[in-house]
1. Which angle from 0 to 90°, rounded to the nearest 10, does the C-alpha axis of helix 71-84 make with the longest principal axis of the chain?
2. Please report the Cα spread of region 42-119 along all three principal axes, rounded to whole Å, starting with the longest.
3. Suppose every Lys and Arg Cβ carries +1 and every Asp and Glu Cβ carries -1, with no other charges. What dipole size does the chain come out with about its Cα centre, to the nearest 20 debye?
4. Quick one: order MET77, MET1 from most to least accessible surface, probe 1.4 Å.
5. Order these peptides, 26-36, 99-109, by their mean beta-carbon neighbour count within 10 angstrom, highest first.
6. Would you compute, from DSSP H runs of 4+ residues alone, the mean residue ellipticity of the chain at 222 nm, taking -39500 (n - 2.57) per run and dividing by the full residue count, rounded to the nearest 500?
7. Compute the relative contact order of the chain as a whole-number percentage, counting only Cα pairs closer than 8 Å that sit 6 or more residues apart in sequence.
8. List the lysines whose Cα lies under 23 Å from the Cα of LYS48, skipping any in the same chain that are fewer than 8 positions away.
Amino acid sequence: MLHLKPGVNPHNIQPEVNLLIQIVSSVYAKHGYDCTVTSLYDDAPTRKVDSYHRRGGMCRAADFKTAHLPETIRDIMLGEVREAIGYNNTAPRAFDFIFEPRITSPDGRVVKEQHFHGEFDSKFPVPAITKET
């Protein structure tokens, strides 16, 4: 089942991100796990200013909970999502998808929990729009 973590802001989602969420959710379901979206348009203290989560007023990125996944399954799922979005092809792809490990501060506090991060970062050439006269 697909879940949103409490507080996740689904504001101004780029339509292509919805497709990515469907792909990721289907891979989780295939392996018998619930898929939780942990971040969309949200603001976070450690987030980069130009993050795809809020770039240009649009949500172009989504994060997915991975802490509940065994490492071996997590790695398989990462590969399956990447295959589904075109990582194994030489043609351009529309998405980047990575695993981001847990980050802790020197005092042992968790700064950022491990998760999958996907973003709409199209590598397709965009044709110029010409005005007909």
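1. Approximately 10 degrees, to the nearest 10.
2. Largest first, region 42-119 extends 43, 36, 17 Å along its Cα principal axes.
3. On the way: 16 positive and 17 negative charges, 33 e Å.
Charge dipole, the chain, about its Cα centre: 160 debye, nearest 20.
4. Greatest to least solvent exposure: MET1, MET77.
5. Details: 26-36: 15.8, 99-109: 9.5.
Listed from highest to lowest mean packing, they are 26-36, 99-109.
6. On the way: 2 runs with 30 residues, N = 133.
Using -39500 (n - 2.57) per qualifying helix, the result is -7500 deg cm²/dmol.
7. Numbers: 213 pairs, mean separation 30.8, N = 133.
That works out to 23 percent.
8. Cα-Cα hits under 23 Å: LYS5, LYS65, LYS112, LYS123.
The values are calculated or read from the model by the stated rules, or taken from the named source; none is laboratory data. Not measured: the values here are computed from a predicted model. So basically every Cβ, Gly included, is an ideal-geometry build from the backbone, and we count neighbours across all protein chains shown. For the accessible areas, the whole protein counts, side chains as well, though only heavy atoms, and no ligand, DNA or RNA atoms are used. Shrake-Rupley method; radii C 1.70, N 1.55, O 1.52, S 1.80 Å.
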